[in-house]
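Let me begin by presenting the structure, written as structure tokens, before commenting on it.
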Amino acid sequence: MSTVRKLTLSQELPLLKLDWLRPSVGALIMIERETFDGLYAELIGLHSQILLKIHSAREALEHERKVLAYTQLPTDILPATGCSTKHHREVCYPVWNGVWWNQIARKIFHPEQSRRIEEISKIPAILRSIPWEGITGTCAELFICTLEIAGAFTVEAEIVTAAASAVREYLITLHPSEAEFCFDDEQAADDAMATVTAT
């Protein structure tokens, strides 16, 4: 005879584990405005504090996209190996700026979804796939690395993680025992096991 094992609260609400909550919150932050607005009737069922956190994250992401689009490289970056100071100043920087504006910045804001760069984290790969003309290849890579080191392409992931953490912390406050939501590796492994025990 089989009996259903009584579930603990942490098993009933695995959504409160950050790793499981993050994809759902991230999807709501990342989807295009029209789709998000179309989901409003369904989202209204979420607690107002959760919606507020998601809205705030969406606004923060839009702001950071604008900041990134208009980002100018520091003018004191030294030439990479194989490039001269003159070429670096007169060719590499201007070529980079032209490519950045035409192939990156404009696509960050493009109104057509199919032509818009949706994920900031994909920009380095896009830049590395461009057949640079005039600019020294090592300088192009140096410019990309400069932005990577500055964290320009991770801001999206940071906003999603911060929002998911904020939503999780809020959900935890709705329950009197926060300890029930403190998952450790052992608990996570137990929760992943079958919840039905044969007796």
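The values are calculated or read from the model by the stated rules, or taken from the named source; none is laboratory data. Not measured: the values here are computed from a predicted model. FYI the Cβ positions are ideal-geometry reconstructions off the backbone, even for glycines, and counts take in every protein chain you see. The accessibility values were calculated without ligands, DNA or RNA, using every heavy atom of the protein model including side chains. Shrake-Rupley method; radii C 1.70, N 1.55, O 1.52, S 1.80 Å.
Report P(r) for the range 72-151: all Cα-Cα distances, bin width 5 Å, range 0 to the bin holding the largest distance, values in whole percent.
With a bin width of 5 Å, the distribution comes to 3, 15, 26, 25, 16, 9, 4, 2, 0.
How much length is gained if the chain between Asp76 and Glu64 is pulled fully straight, taking 0.36 nm per residue apart and subtracting their Cα-Cα distance, in nm to one decimal?
On the way: separation 12, 0.36 × 12 = 4.32 nm, distance 2.36 nm.
Full extension from Asp76 to Glu64 adds 2.0 nm.
Per residue, how large is the accessible surface of the range 72-151? Use a 1.4 angstrom probe and give square angstrom.
Working: 4660 Å² over 80 residues.
Heavy-atom accessible area per residue stands at 58 Å².
Taking R0 as 25 Å, what FRET efficiency do you get between Lys17 and His47 from their Cβ-Cβ distance, rounded to the nearest 0.05?
On the way: r = 19 Å, r/R0 = 0.75.
Result of the calculation: an efficiency of 0.85.
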